[in-house]
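The values are calculated or read from the model by the stated rules, or taken from the named source; none is laboratory data. Keep in mind that this is a model prediction, so the values were computed, not measured. For neighbour counting, all protein chains shown are included, and Cβ atoms are generated from backbone atoms with ideal geometry for every residue, glycine included.
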Amino acid sequence: MNYFFHAIAVGIGATAIMDIYSWILKMFGVPTLDYRFLGRWIGHFFNGKFSHHQIFNSPPIKYELAIGWGAHYLIGITFACLLAVIYGKKWLMHPTLFPALIIGIVTIVAPFFIMQPAFGIGFAAAKVPDPTKARLLSLLAHTVFGMGLFLSAKFLKTILN
């Protein structure tokens, strides 16, 4: 399989594993990110608005849920491509856990320092009622994404051999 398409498949798989984890959390009443707000944020870019007092109170954007889910998967693919660029084709062919976990955990930078402030909830969710809980849940989700990178790469290696 082409190196680029292999990385894309790993990103889709890792993102899907992260989504399964979120679905399990929701079954136990633990709130997770509603991707409609990611779509709303992105949708407002076209109006020149990049940050919000509270994204939850900003006007909805047409197709925001689809935009949010699409962006969620594109972001996951982008991070998987970053992993492939940093660790090379060798990692894709012989995946190991540590590099995948490192990339997964490092991806926490995006929500903590870009998305959450732009959503109006502060750096690292500082303005939510329980910032420590929000930070821990984000860290766990991104760790699961890292595990998903590894598991997806291992699965692809298995089916391609």
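Tabulated results
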quantity	calculated
Close pairs (7 angstrom Cβ cut-off, 6 or more residues apart or separate chains): of a type in the set (S, T, N, Q) in the range 21-44, part of a loop (DSSP other than H, G, I, E, B) anywhere	S22/T32
Count - residues of the range 1-39 that are farther than 17 Å from H142 by Cβ and in contact with a Ser or Thr (Cβ under 8 Å, 6 or more places away or on another chain)	2
L83 surrounded by 14 or more Cβ atoms within 10 Å (Cβ to Cβ) and under 23 Å from K154 (Cβ atoms)	yes
Among the residues listed as L65, L83, L160, L139, the single one being at pLDDT 95 or above and over 15 Å from L33 (Cα atoms)	L83
Listing of helices (runs of 4 or more DSSP H) fully contained in the range 20-125 that carry 2 or more residues being over 17 Å from the mean Cα position of the chain (by Cα)	35-45, 64-93, 97-106
Odd one out for S152 among (1) at pLDDT below 95; (2) touching a helix residue (DSSP H, G or I) at 6+ places or on another chain (Cβ under 9 Å)	(1)
For I121: the one exception among (1) under 20 Å from I77 (Cβ atoms); (2) in contact with a Lys or Arg (Cβ under 9 Å, 6 or more places away or on another chain); (3) aliphatic (A, V, I, L, M)	(1)
